[in-house]
Amino acid sequence: MSVESIKKLYASMPEKLGRARKKFGRALTLTEKILMSHADNLDTQAWERGKAQLLLRPDRVAMQDATAQMALLQFIQAGKKRVAVSSTVHCDHLIRAQSGAREDIERAISENKEVYNFLRSAARKFGIGFWKPGAGIIHQVVLENYAFPGALLIGTDSHTPNGGGLGMLAIGVGGADAGEVMAGLPWEVLHPKLIGVRLTGELQGWASPKDVILYLCGLLTVKGGTNKILEYFGPGASAISCTGKGTITNMGAELGATTSIFPFDDKMAAYLNMTERAEWAQLAQANRENLTADPEVLSSPDRYFDQVVEINLSELEPHVVGPHTPDLARPISRLSAEAKEKGYPVQLKAALIGSCTNSSYEDISRSAHVARQGLKAGLKAKASFLVTPGSERIYHTMVRDGFMKTFEEMGGTVLANACGPCIGQWKRADIQPKESNSIISSYNRNFPGRNDGNAETLSFLSSPEIVTAMAFAGSLDFNPVTGTLTTADGARVKFEPPRGEELPAKGFAKGEEGFEAPAENGDKLEVEVPPTSERLQLLKPFPRWNGKDFDRLPILIKAKGKCTTDHISPAGPWLKYRGHLDKISDNMFLGANNAFSGEPGKGTDILSGEGGLTIAAVARRYKDQGIGSIVIGDENYGEGSSREHAAMSPRFLGVLAVLVKSFARIHETNLKKQGILPLTFADPNDYDRFDQKDRVSVVGLSGLKPGNPVEVVIHKSDGKEIKVKMNHSLTEQQIGWFKAGSALNALT
Ligand code: MIC
Ligand code: SF4
């Protein structure tokens, strides 16, 4: 971000916020201040939480390699010469964790050559900054280089809200949204409701910032934040380090929240100074009142937020969440009993620290403190211990300050600065396929199959310091706060609570930062897409709506229970096809539980009666016969990531409508953008009325209007018909996308 653009934003705020205060006749929250100062048109914009569609002008766009491919392929379709907004690409997701940092990066560079060449050449041509493989995980690199208080950033990754730790609204989106903003259009989002989180007290002992969000996951659940922003405030907020705040806002994604944010404070200024942005820190200091909520909000939060949650940090216990969902939370003191009661394998096979959520200097130094205690007492890690640094700076600082050595002495392996085991890019040799086993990590997501592709792996999440202690124990049956471990010669060891530093006293060490600037003028440059590529495929526009109702469509799958984007479009080995829509579509619904079949990912071709087929195979059969299909889903359908493949593959394979109890925000938008009709049951019990052999019609589509329900008819095999009322949240413009076949078609 150039200093000039920050100055410009800050200079524009007082006048805009003055107007907004007058318009509403009240004080403003921090979230409102940032939304209003990024309105595309403050005069015409309507503001109604939970109702209005906001048109905003983001300061920046960030994309990671797995989602950037579709974002850029869609941007290319818009036919622009250069991006309209500062943008970057980060190569982090495609690096497989196997044998340690250096070898893993070398392997990734050769395995992903075509994709990296495509991303690099497109970035050079269109004016986008390019961060090479190994440079770091997108959110860490954004925090170190681009994030600043008061900004609005969109990123093609659901954990983009990490930037909220530095006082900005950083929001995860699908690639189509990013493509449009890069093409110069405003960005559209439903005006979120606001949850105020008032923090008091100060974290004690083993409790860490991660526990704030783990606790909230248990309290609010994975859908509790949908279409809401969490704004933190109160005396406890300023006691948390900037990177600790980032951990909290990062994992707000697990609540389904649009984003989360902390007000600007001295901790943020210290972080900006430490990351060589002293001038930004000064500018923010001088504009502090615009980068925090108005005082009235702090004194009577109930009047300004739709919901207020209070957390006394002094009383917060360390938490562990999981398996399989981040909202299955409990204080660590209750873990052992619960594990036994529920029959979780108590032995821990692996303990993993780092990732975009938890690899700050503070995290690593506190974990190293735990590690040193164990080593000094003569303990060795009992579970395999893997460390994922978030960026080059973190990695080199860890080496310089001796943390790496400590982790290696403990038996740990240091992986590349990349997503690796967090996104199924983890080649494990220690378990058999489908073996039930437990692991614990300091990551943010733990859906089945997420880390190693094995749905029988029970993945628990906690803070890095707890995970480090658990690595010594190798068991869920240990509570480092109160328990002891026994060394080989029989001595009992009790850990002291972790201690560490928020920021490195000697500053960050630097290696190769890994940034490549774009060409001054890219007009003559070519984007590299080999015509025979297995990894990349230029997009063809989806067909327009034919103007007719959907008539008697077969049900492709009735997803039962949790159906996240990891269930709809698994990552791991499939990540390599993220730029090739046809190929990746074979993974469609592989992880989903089908109410009509006993086996996840499998279904029946109801035209021929043949069962045991993959859902993609069934969809391809229907597509070949020129018929569309529908998908039925449960609560919070599409929870989790921003990957639009979870919408594009169904669209590509002929799904016309998705009927669910409720949607997760990013996925619902992704469906709309790709021209699929997302509908929600007016009465959730109607979910139960759909049977495998039913045909489903969606009628009255030519009269589709914002706010008006849609009628669905279930045609039973015995000839009976059942009418079901469905709601939708399409705006007039979004109905236009549906009619055009996709948002992109409507644009071009
Ligand atoms: C994730 O954490 O699930 C991912 C992998 O980072 C995704 C993006 C993707 O699927 O590429 C996300 O969070 O959006
Ligand atoms: Fe990468 Fe995991 Fe963070 Fe997603 S959550 S950006 S996969 S480290």
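Any read-out appearing in this document is the output of simple, stated calculations on the displayed coordinates, not a laboratory observation. Since this is a predicted model, take the numbers as computed values, not measurements. Virtual Cβ from ideal backbone geometry, glycine too; neighbours counted across all protein chains shown.
Below, the figures for the structure above:
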read-out: Whole-Hz couplings from phi, Karplus 6.51/-1.76/1.60, listed for the stretch 624-637; x for Gly and Pro; value: 4, 8, x, 10, x, 8, 10, 10, 10, x, 9, 7, 6, 4
read-out: Between the stretch 576-629 and the stretch 708-748, the alpha-carbon center distance in angstrom; value: 22
read-out: Value at 222 nm in deg cm²/dmol, rounded to 500, when DSSP H runs of n ≥ 4 in the chain each add -39,500 (n - 2.57); value: -8500 deg cm²/dmol
read-out: Normalised per residue, the volume of the convex hull around the Cα set of the chain (Å³); value: 148
read-out: Separation in nanometres of the label points that stand 7 Å from Cα toward Cβ, at residue 340 and residue 693; value: 5.1
read-out: Simple spin-label estimate for residue 19 and residue 486 in nanometres, 7 Å along Cα-Cβ; value: 7.2
read-out: Taking the stretch 290-359 and dividing mean pair separation by its residue count, relative contact order in percent (alpha carbons under 8 Å, at least six apart); value: 13
read-out: Amide H partners (placed H, <5 Å) of residue 438, local residues excluded; value: 349, 458
read-out: The stretch 528-667 shape via C-alpha gyration tensor axes, a/c threshold 1.5; value: rounded
read-out: Sequence-separation-based contact order of the stretch 327-437, relative, with Cα cut under 8 Å and 6+ spacing, percent; value: 29
read-out: Long-range amide H partners of residue 385 with built H, under 5 Å; value: 351, 413
read-out: Top positive-direction residue, dipole computed over the stretch 452-532 with Cβ charges, set 488, 457, 498; value: 488
read-out: Extension gain from residue 399 to residue 26, taking 0.36 nm per residue of separation minus the Cα-Cα distance; value: 129.2 nm
read-out: Centroid-to-centroid separation of the stretch 366-386 and the stretch 452-474 [C-alpha atoms, Å]; value: 14
read-out: Backbone HN-Hα couplings from phi across the stretch 234-251 [Karplus 6.51/-1.76/1.60, Hz, Gly and Pro as x]; value: x, x, x, 5, 6, 8, 9, 4, 4, 5, x, 4, x, 4, 5, 6, 3, 7
read-out: Distance from the stretch 272-311 to the stretch 144-223 (C-alpha centre basis), Å; value: 15
read-out: Amide H partners (placed H, <5 Å) of residue 202, local residues excluded; value: 313, 314
read-out: Beta bridges per DSSP with both ends in the chain, % antiparallel, nearest 5; value: 35
read-out: Calculated from backbone phi, Karplus (6.51, -1.76, 1.60) coupling profile of the stretch 643-657 in Hz, x at Gly/Pro; value: 4, 7, 4, 5, 10, 6, 5, x, 4, 4, 9, x, 6, 9, 8
read-out: Where Cα atoms sit under 17 Å apart: lysine pairs in the stretch 16-152 separated by 8 or more or lying on different chains; value: 6
read-out: Extension gain from residue 102 to residue 40, taking 0.36 nm per residue of separation minus the Cα-Cα distance; value: 17.8 nm
read-out: Contour excess over end-to-end distance, with Cα ends at residue 683 and residue 430 and 0.36 nm allotted per residue; value: 86.4 nm
read-out: Values of log10 I(q)/I(0), in the order q = 0.17, 0.21, 0.29 Å⁻¹, for the stretch 704-748 under a Debye, Cα-only, solvent-free model; value: -0.61, -0.72, -0.94
read-out: Cα-centre dipole for the chain with unit charges at Cβ (Lys and Arg positive, Asp and Glu negative), debye to 20; value: 960
read-out: For the stretch 501-593, with +1 on Lys and Arg beta carbons and -1 on Asp and Glu, the positive-most of 529, 563, 542 along the dipole; value: 563
read-out: Whole-number percent relative contact order across the chain, with pairs defined as alpha carbons under 8 Å at least 6 apart; value: 14
read-out: Computed log₁₀ I(q)/I(0) - Debye formula, equal Cα scatterers, no solvent, the stretch 302-416, q 0.16 Å⁻¹; value: -0.93
read-out: Per-bin percent of Cα-Cα distances, the stretch 15-142 [5 Å]; value: 2, 9, 16, 15, 12, 11, 11, 9, 7, 4, 3, 1
read-out: Restraint check, 560/693; 560/602; 661/723; 558/705; 382/494; 602/716, Cα-Cα greater than 24 Å; value: 558/705
read-out: Residue 624 versus residue 599: modelled label distance in nm, points set 7 Å from Cα along the beta carbon direction; value: 1.9
